[in-house]
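Report on the structure given below.
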Amino acid sequence: MSFPTRAIVWLVTAASAVVLPACQTTPAPAPAPTAPVAYTGPVLPIEQSERGVQIFLPSSVLFEVGKSSLDNAAADPYLDRVAHLLTTKTDKTVVLEGHADSTGTEAINTALSLQRAQTVSKALAERGVAVQRLSAAGFSSRRPVASNATEAGRRLNRRVEVVVLDETVENITRGEPANAFASAWAQLKTLIEQGQVQPVGKQ
């Protein structure tokens, strides 16, 4: 074998010795899938009705006796969340329905329940919900969700419901974290079963 031929064979053999170990290297494992970030925001009580979607502000956000002002520290996370849903999930008309407990006269409760609805309407408008989509109404103490015989029940009755007309829960909750919503009626049923509140009509 001539010198040039031996040199070529030697170079090919040397190259193979360098390349082969690299080819035999075990590939790095694929990175583990990233776990979804757990939802830690406010849980909204929500229900489907014939009129549309009802969103209930929880008891920590509700009103004190004779007042139409909100505790901003407690209310802001929920109002931020509601406003986000109203501006990103739907363009339907929204009715804010204010309610009162049985304390006070009918005239006082009518005015107070409307003022409560207007308070929430203003807060949502400040968060970017178009004013023309919002309307407010007051129903005094005529639509209780629990008995007014206890303070816990009266507190639930001092409320504002956000009603998204002609909308569906399916659309509002699509793509949202599964634990971001709860059944309002299931929550109320649990409170009644635990004896924390009494059902409507019980004295």
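The values are calculated or read from the model by the stated rules, or taken from the named source; none is laboratory data. Quick caveat: nothing in here was measured; it's all calculated off a predicted structure. Note that each Cβ is placed from the backbone with ideal geometry, even for glycine, and that neighbours are counted across all protein chains shown.
Can you pull out the residues in region 81-97 that are touching a residue at least 24 places away in the same chain (Cβ under 8 Å) and exposed (fewer than 15 other Cβ atoms within 10 Å of the Cβ)?
Asp91
I want to confirm something. Restricting to region 109-140 and keeping residues that are in contact with a helix residue (DSSP H, G or I) (Cβ under 6 Å, 6 or more places away or on another chain) and in a helix (DSSP H, G or I), which single residue is nearest to Val163 (Cα to Cα)?
Leu124
Checking the condition in a helix (DSSP H, G or I) and of a type in the set (Lys, Arg), which residue from Arg81, Arg143 passes?
Answer to the selection: Arg81.
When you look at Glu151, is it in contact with a strand residue (DSSP E or B) (Cβ under 9 Å, 6 or more places away or on another chain), surrounded by fewer than 18 Cβ atoms within 10 Å (Cβ to Cβ), free of Cβ contacts under 8 Å to residues at least 24 places away in the same chain and among the charged types (D, E, K, R), yes or no?
In short, no.
Being among the polar types (S, T, N, Q) and more than 30 Å from Ala38 (Cα to Cα) narrows it down to one residue among Gln187, Gln194, Gln132; which is it?
Gln132
What number of residues in region 163-197 are over 24 Å from Thr40 (Cα atoms) and touching a helix residue (DSSP H, G or I) at 6+ places or on another chain (Cβ under 6 Å)?
Matching residues across region 163-197 total 2.
From the set of residues in region 140-194 that are β-branched (Val, Ile, Thr) and farther than 16 Å from Arg81 by Cβ, which is farthest from the chain's Cα centre (by Cα)?
Result: Thr150.
Matching residues to (1) within 28 Å of Asp101 (Cβ to Cβ); (2) in contact with a Ser or Thr (Cβ under 7 Å, 6 or more places away or on another chain):
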residue	(1), (2)
Val160	yes, no
Val163	yes, no
Val169	yes, no
Thr173	no, no
Glu176	no, no
Phe181	yes, yes
Ile192	yes, no
Pro199	yes, yes
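Please enumerate the residues belonging to region 160-203 that are touching a Pro at 6+ places or on another chain (Cβ under 8 Å), part of a loop (DSSP other than H, G, I, E, B) and in contact (Cβ under 8 Å) with a residue 60 or more places away in the chain.
none
Taking region 167-179 as the region of interest, how many residues are among the charged types (D, E, K, R) and farther than 16 Å from Thr88 by Cα?
Number of matching residues: 0.
Out of all the residues in region 97-106, is one or more among the β-branched types (Val, Ile, Thr), in contact with a Lys or Arg (Cβ under 9 Å, 6 or more places away or on another chain), closer than 24 Å to Val43 by Cβ and not in a helix (DSSP H, G or I)?
no
I'd like the full set of residues that are among the charged types (D, E, K, R), modelled with pLDDT under 90 and surrounded by fewer than 13 Cβ atoms within 10 Å (Cβ to Cβ), limited to region 24-76.
Glu64
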